[in-house]
Amino acid sequence: EFPLIKILKMNFGVQILYQPPLTRIEKQHKGDKDLQVMKAGAMLRKVKSRSWKKQRHFRLQEDGQTIWYKSRWAGTGHSTFSVADVDVVREGHQSEILLSIADEFPADLCFTLVFRGRRSNLDLVAESPSEAQVWIRVLSYLLLIVALSQRLPLLRWIWDWFQKADKNKDGRMNFKEVRTLLKMMNVDMNEEYALRLFTMADKSESGCLENEEFVQFYKMLTEREDVWRVFQDYSRDGQILTLAELEDFLKQEQQEGERSLEHAQELIDRYEPSENAKKHGAMSIDGFQMYLVSPESAVLDPQLLALHQDMSQPLSHYFICSSHNTYLMDDQLRGQSSQEAYIQALKRGCRCVEVDCWDGPNGEPVVYHGHTFTSKILFRDVITTLAEYAFKVSEFPVILSLENHCSMEQQRVMAQLLDTILGDTLLTAPLDRLVPQELPSPQDLKGKVLLKAKKIGGLEESETLTDEVTDEVSDEDEADPKSLSKSKLSRELSDLVVYCKSVHFHSFEYSRLHSKCYEMSSFSESKARKLAKDTGAEFVRHNSRQLSRVYPSGMRTDSSNYNPQELWNVGCQIVALNFQTAGLEMDLNDGLFSQNGCCGYVLKPDFMRNDDSFDPERPQDRNGYTSLRLSIQVQKQLLCIIQLSVISGQQLPKVNQKEGSIVDPLVRVEIYGVFQDQAKQETSYIDNNGFNPLWNETLNFIVHVPELALVRFVVEDYDKASRNDFMGQFTVPFTCIQPGYRHIHLLSKDGTAIPLSSLFVNIKISELTTEV
């Protein structure tokens with residue numbers, strides 16, 4: 001075990017061994033050739049298409065965490081990526097690009113690196129099967145080490161910074177290297193103060209910090225005055241929290257109620273590093289801080305992260321995580337169509353995917369954005385991908401939204417492929433063979449794929465209807481009158497549609513009088529927004545019985561997104577977004593569906609599931625509230641007052657990697673919900689401190705409909721001359737917020753975690769009851 005690691009364990013109470021990956025591998029593979037191959041590097045073919053296959057020199061760097069690569073003609077230019085950015089290593093022809101060159105390169109030469117977030121895969125071809133196996137074996141092992149080390153982000157973080165700042169690799173740090181380290185860590189510290197900390201830590205008076213001295217320097221640097229103040233408020237002697245004092249903190253600040261005493265003892269057992277304190281049923285400042293940064297003290301209630309909602313209600317009673325143009329990796333004019341886009345969407349919990357089908361060569365339907373330069377993929381390959389990945393993240397039903405532009409012949413091919421590839425997972429008849437009076441539930445439809453498309457007749461009709469159907473065009477073409485045309489629909493394809501029959505929307509009155517529960521309509525964003533504004537209450541009632549799908553305007557050629565909140569406010573279930581485009585809209589989508597086990601289904605509030613009148617434009621008119629989570633009791637008209645104190649930030653990311661650049665962070669809190677709840681407030685900015693900025697500012701909001709509200713915490717780098725730079729964000733449903741002192745662990749623009757970057761806040765929620 002490294003001396004530094006021993007000292008870190010001693011000082012931070014860490015129970016699990018962490019060593020740098022390369023050292024672990026050297027011990028595991030001592031005497032074999034794997035590491036020599038990885039360190040020396042190899043010429044691997046990087047493949048982007050059948051025609052783009054270029055050799056690059058790849059090697060594992062000395063830190064055991066970074067892959068370096070360059071072309072032989074690039075001079076000093078090169079690229080790198082962190083092993084921690086890789087999600088999985090796929091062996092063989094397990095990407096569509098490698099499948100396309102299968103006739104040229106056998107599977108035992110090929111492997112794929114799948115990255116986290118929205119980064120494209122890296123497809124590689126080795127010179128020999130043995131060389132491919134070395135890379136697959138060692139990279140897979142590195143990923144295992146990364147997964148284990150993520151349980152100890154602090155140790156990993158300290159070790160990484162030590163390695164980066166120790167320029168001469170002598171295992172010691174002089175003051176110049178410490179100054180460099182502080183800049184790298186986003187700290188602009190007064191040089192005199194930095195030298196004082198350095199001197200205090202330099203017990204050997206050697207002018208350099210060795211292992212134990214460096215850890216002491218780090219402890220002094222990262223002392224949390226904000227946490228210490230909270231600790232002091234409840235500790236009588238200022239040294240420990242007794243069991244009674246910790247119970248008092250949990251009751252008063254964390255609003256935990258009757259279970260506080262039992263939970264206080266559990267927290268001491270779980271987080272207190274001092275065995276002596278544990279014996280006396282007490283918690284030190286170290287244990288208190290470890291509790292406050294733990295997942296159970298996060299702003300999002302961990303109990304609501306798990307699957308906990310009633311999944312036995314009709315499909316129309318749920319918001320459903322939905323994707324538009326799922327096949328696209330980029331924009332909808334020239335973007336790449338890819339099976340990988342379906343894999344990424346399904347892995348993010350998406351439960352409604354779109355397939356845009358057109359006649360292809362050799363009688364094979366293809367998927368792409370029609371009349372554009374987007375690339376084409378086979379319908380067969382899309383359905384094969386769906387069969388493999390549909391239920392890996394969630395067991396609840398997947399809706400396959402079919403945009404059908406195919407001839408009768410290729411429609412029959414589509415029907416055959418759906419039936420053959422999906423088999424029993426494809427729902428082809430009503431449950432129990434009965435015509436439904438209401439839609440079945442996600443629980444009833446576990447493990448099933450539902451086809452959403454046009455259908456000849458209804459579930460009540462006989463099997464003898466003609467194949468001739470007028471105006472049977474794709475849903476999204478209905479928005480463009482020029483696209484309307486008479487067409488034929490294949491009986492074979494029609495018969496596969498059960499609970500999601502696409503129909504033209506006439507009016508809410510027509511739907512109430514004539515529509516069946518299994519009939520659903522699609523709306524362009526502009527039409528849906530107009531209906532929501534003009535007839536919001538009717539839209540809510542309509543969506544309590546039937547499914548509605550909303551899709552982005554065709555003018556969004558860059559695959560940008562609209563704000564989904566407006567459509568959730570009227571109960572639209574399938575609010576389809578371009579998953580490939582990061583930003584506010586996908587943050588809201590990820591925030592809403594982060595609860596309930598990330599299963600892709602979220603139960604709508606009860607006032608949107610019954611016949612009660614709820615108008616999002618006039619929320620004050622609603623009645624019949626029930627109790628809310630977070631101990632919010634609803635009686636008469638309830639206004640939730642939320643007081644949010646932004647206390648501090650920790651280890652915020654650098655947005656400008658230029659040496660010496662340090663951020664000026666500010667925090668903005670945004671509320672999304674019904675119109676009356678939309679609000680934004682922000683703190684002042686802190687000059688030159690992304691390491692441990694301290695705000696201590698309080699923001700106040702009034703929320704009328706907490707059941708529909710989302711709260712987004714955004715951190716930006718202030719720039720007086722131009723637009724602020726995004727640094728990180730976290731979005732949480734209002735009803736999932738834990739009150740009290742909480743850490744908010746920030747996510748990148750791609751929705752991936754930023755290690756150790758967080759905000760420390762104090763949240764108080766109270767009620768204001770007024771007569772209606």
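Quick look at the values:
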quantity: Some residue of segment 657-666 being closer than 25 Å to ASP590 by Cα and modelled with pLDDT of 85 or more; calculated: yes
quantity: Neighbours by Cβ (under 8 Å, 6+ apart or cross-chain): first from segment 96-109, under 13 Å from ALA126 (Cβ atoms); second of a type in the set (A, V, I, L, M, F, W, C) and part of a loop (DSSP other than H, G, I, E, B); calculated: LEU98/PHE105; LEU109/ALA126
quantity: Boolean, ALA537 is open to solvent by less than 30 Å² (accessible area, probe 1.4 Å), small (Gly, Ala, Ser) and under 30 Å from LEU333 (Cβ atoms); calculated: no
quantity: The lone exception for ILE383 - which of (1) in contact with a helix residue (DSSP H, G or I) (Cβ under 9 Å, 6 or more places away or on another chain); (2) outside any helix (DSSP H, G or I); (3) open to solvent by less than 10 Å² (accessible area, probe 1.4 Å) it fails; calculated: (2)
quantity: Output for segment 399-414, where each listed residue is surrounded by fewer than 19 Cβ atoms within 10 Å (Cβ to Cβ) and in a helix (DSSP H, G or I); calculated: MET408, GLU409, ARG412
quantity: Pairs where the first residue, in segment 564-576, is in a helix (DSSP H, G or I) and modelled with pLDDT of 95 or more and the second is of a type in the set (S, T, N, Q) and open to solvent by less than 10 Å² (accessible area, probe 1.4 Å), C-beta under 9 Å, 6+ apart; calculated: LEU567/SER548
quantity: Residue within segment 543-560 that is part of a loop (DSSP other than H, G, I, E, B), over 26 Å from ASP356 (Cα atoms) and not polar (S, T, N, Q) present; calculated: no
quantity: Residue among ILE686, ILE641 that is over 30 Å from SER548 (Cα atoms), over 27 Å from the mean Cα position of the chain (by Cα) and at pLDDT below 85; calculated: ILE641
quantity: Residue, most open to solvent (accessible area, probe 1.4 Å), within segment 256-265, restricted to residues that are in a helix (DSSP H, G or I) and farther than 19 Å from ASN276 by Cα; calculated: GLU258
quantity: In segment 424-441, the residues that are exposed (fewer than 12 other Cβ atoms within 10 Å of the Cβ), under 25 Å from VAL382 (Cα atoms) and either β-branched (Val, Ile, Thr) or touching a residue at least 12 places away in the same chain (Cβ under 8 Å) (or both); calculated: ALA429
quantity: Conditions (1) more than 19 Å from GLN133 (Cα to Cα); (2) modelled with pLDDT of 90 or more; (3) not polar (S, T, N, Q): number failed by PHE58; calculated: (1)
quantity: Filtered residues of segment 56-94 (kept if within 30 Å of LEU378 (Cβ to Cβ), touching a helix residue (DSSP H, G or I) at 6+ places or on another chain (Cβ under 7 Å) and not in a strand (DSSP E or B)); calculated: GLY92, HIS93
quantity: Hey, SER394 outside any loop (DSSP other than H, G, I, E, B) and either open to solvent by 30 Å² or more (accessible area, probe 1.4 Å) or closer than 16 Å to LEU450 by Cβ (or both) or not; calculated: no
quantity: Which numbered condition ARG259 misses (of (1) at pLDDT below 90; (2) in the same structural domain as ASP166 (by the TED database)); calculated: (2)
quantity: Selected residue (criterion: modelled with the highest pLDDT) from residues of segment 330-363 that are under 21 Å from GLY600 (Cβ atoms) and out of contact with any Phe, Trp or Tyr (no Cβ under 9 Å at 6 or more places or on another chain); calculated: CYS352
quantity: So ARG712, is it surrounded by fewer than 19 Cβ atoms within 10 Å (Cβ to Cβ), among the basic types (Lys, Arg) and in contact with a helix residue (DSSP H, G or I) (Cβ under 9 Å, 6 or more places away or on another chain); calculated: yes
quantity: Subset of segment 340-364 that is over 18 Å from ASP590 (Cα atoms) and small (Gly, Ala, Ser) - its residue that is surrounded by the fewest Cβ atoms within 10 Å (Cβ to Cβ); calculated: GLY363
quantity: Per-region count, segment 236-255, residues under 33 Å from the mean Cα position of the chain (by Cα), free of Cβ contacts under 8 Å to residues at least 60 places away in the same chain and surrounded by 14 or more Cβ atoms within 10 Å (Cβ to Cβ); calculated: 3
quantity: Single residue of segment 665-683 satisfying the filter (open to solvent by 60 Å² or more (accessible area, probe 1.4 Å) and touching an Asp or Glu at 6+ places or on another chain (Cβ under 7 Å)) that is farthest from GLN650 (Cα to Cα); calculated: PHE675
quantity: The listed residue being in a helix (DSSP H, G or I), acidic (Asp, Glu) and surrounded by 13 or more Cβ atoms within 10 Å (Cβ to Cβ), out of ASP233, ASP226; calculated: ASP226
quantity: Selection from segment 594-616 of residues that are in a loop (DSSP other than H, G, I, E, B) and either among the β-branched types (Val, Ile, Thr) or at pLDDT below 80 (or both); calculated: ASP611, ASP612, SER613
quantity: Check on SER316, open to solvent by less than 50 Å² (accessible area, probe 1.4 Å), polar (S, T, N, Q) and either under 30 Å from LEU250 (Cα atoms) or modelled with pLDDT under 95 (or both); calculated: no
quantity: Residue satisfying condition, being in a strand (DSSP E or B) and within 22 Å of the chain's Cα centre (by Cα), within set GLU707, GLU716, GLU767; calculated: GLU716
quantity: Restricting segment 266-307 to residues that are over 25 Å from ASN596 (Cβ atoms) and among the polar types (S, T, N, Q), the residue that is surrounded by the most Cβ atoms within 10 Å (Cβ to Cβ); calculated: SER284
quantity: Cross-chain or 6+ apart pairs with Cβ under 9 Å, segment 503-518 first and assigned by the TED database to the domain that holds LYS452, then open to solvent by 90 Å² or more (accessible area, probe 1.4 Å) and in a helix (DSSP H, G or I); calculated: HIS506/HIS514
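Here is a yes/no grid of residues against (1) open to solvent by 30 Å² or more (accessible area, probe 1.4 Å); (2) at pLDDT 90 or above; (3) part of a helix (DSSP H, G or I):
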{"position": "VAL114", "(1), (2), (3)": "no, yes, no"}
{"position": "ARG118", "(1), (2), (3)": "yes, no, no"}
{"position": "LEU124", "(1), (2), (3)": "no, yes, no"}
{"position": "ARG151", "(1), (2), (3)": "yes, no, no"}
{"position": "ILE158", "(1), (2), (3)": "no, no, yes"}
{"position": "GLN163", "(1), (2), (3)": "yes, no, yes"}
{"position": "LYS169", "(1), (2), (3)": "yes, no, no"}
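Condition check ((1) closer than 26 Å to GLU223 by Cα; (2) touching a residue at least 60 places away in the same chain (Cβ under 8 Å); (3) among the small types (Gly, Ala, Ser)) across all residues:
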position: SER648; (1), (2), (3): yes, yes, yes
position: ILE662; (1), (2), (3): yes, yes, no
position: GLN681; (1), (2), (3): no, no, no
position: ASN689; (1), (2), (3): yes, yes, no
position: PRO693; (1), (2), (3): yes, no, no
position: GLU697; (1), (2), (3): yes, no, no
position: ASN700; (1), (2), (3): no, no, no
position: VAL705; (1), (2), (3): no, yes, no
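The values are calculated or read from the model by the stated rules, or taken from the named source; none is laboratory data. On a predicted model such as this, the values are computed, not experimentally measured, just so you know. No Cβ is skipped: glycine too gets one built from the backbone with ideal geometry, and neighbour counts run over all protein chains shown. We work out accessible area using only protein heavy atoms, side chains counted, and drop any ligands, DNA or RNA first. Shrake-Rupley method; radii C 1.70, N 1.55, O 1.52, S 1.80 Å.
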